[in-house]
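Here is the structure we will look at, set down as structure tokens.
The values are calculated or read from the model by the stated rules, or taken from the named source; none is laboratory data. Quick caveat: nothing in here was measured; it's all calculated off a predicted structure. For neighbour counting, all protein chains shown are included, and Cβ atoms are generated from backbone atoms with ideal geometry for every residue, glycine included.
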Amino acid sequence: MNASAESQARTRFFARALGPFLVIVDVTAVARASDMQALLSQFEANSMWAFVSGAFILLFGLIMVAAHQYWTGAPAIIVSSLGWLIVLRGLLLVAFPRAFVAVANSMIGAQGWWVSLCIVFALVGLYLTYVGWAPASRRPASHPATAVPDLPRAA
């Protein structure tokens, strides 16, 4: 497998997982917009949640960044960018949980912006789902010409 085929395969792999995840989480968050303030208050009430969830988010983001270092083509750029955003989110949750909660509170307070951002990420998720699950374009494999064909000799 050449480098281009490997990068496309990894991008499709991550797109298959990230696409549906983004769609499901963002659509659910918009549908449960009225519950988000209560969920954030409960999350903020126990600092253990921020640390534990941040550690797992950070680990997942670092795995994504380590496994997907490709920046050619829109799907690859989106996947790599999401990996770095996940690393940043995990780092903020582990190292600066109060700052993360303050930003989350301000986002939920500006519900129009927050819902718009969720819709944008859901659309990105739909795009990644398509990229990841649509049949890959198949190019005919080129076979090198051999000097001696497998034909019987006439004489």
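Quick one: in segment 42-76, which of the residues that are of a type outside the set (S, T, N, Q) and more than 27 Å from T129 (Cα to Cα) is surrounded by the most Cβ atoms within 10 Å (Cβ to Cβ)? My answer is A50.
Within segment 115-140, the residues that satisfy the criterion of being more than 16 Å from A17 (Cα to Cα), without any contact (Cβ under 8 Å) to a residue 12 or more places away in the chain and either in a helix (DSSP H, G or I) or aliphatic (A, V, I, L, M) (or both) are S116, L117, V120. For segment 77-100, residues that are more than 23 Å from V23 (Cα to Cα) and either under 20 Å from the mean Cα position of the chain (by Cα) or surrounded by 14 or more Cβ atoms within 10 Å (Cβ to Cβ) (or both) total 5. Is at least one residue of segment 95-116 closer than 30 Å to Q8 by Cα and among the aliphatic types (A, V, I, L, M)? Checked against the condition, which is being closer than 30 Å to Q8 by Cα and among the aliphatic types (A, V, I, L, M), segment 95-116 yields no hits at all.
When you go through T11, T72 one by one, which is the residue that is in contact with a Pro (Cβ under 8 Å, 6 or more places away or on another chain) and touching a residue at least 60 places away in the same chain (Cβ under 8 Å)? The conditions single out T11.
Would you check if L82 is modelled with pLDDT of 95 or more, part of a helix (DSSP H, G or I) and either under 21 Å from D26 (Cβ atoms) or not aromatic (F, W, Y) (or both)? For L82, the condition - modelled with pLDDT of 95 or more, part of a helix (DSSP H, G or I) and either under 21 Å from D26 (Cβ atoms) or not aromatic (F, W, Y) (or both) - is met. Checking each residue in segment 18-58 for being at pLDDT 95 or above, among the small types (G, A, S) and under 17 Å from the mean Cα position of the chain (by Cα) picks out only G19.
Only one of these is at pLDDT below 90 and under 21 Å from V25 (Cβ atoms): P140, P97. Name it.
So the residue among P140, P97 that is at pLDDT below 90 and under 21 Å from V25 (Cβ atoms) is P97.
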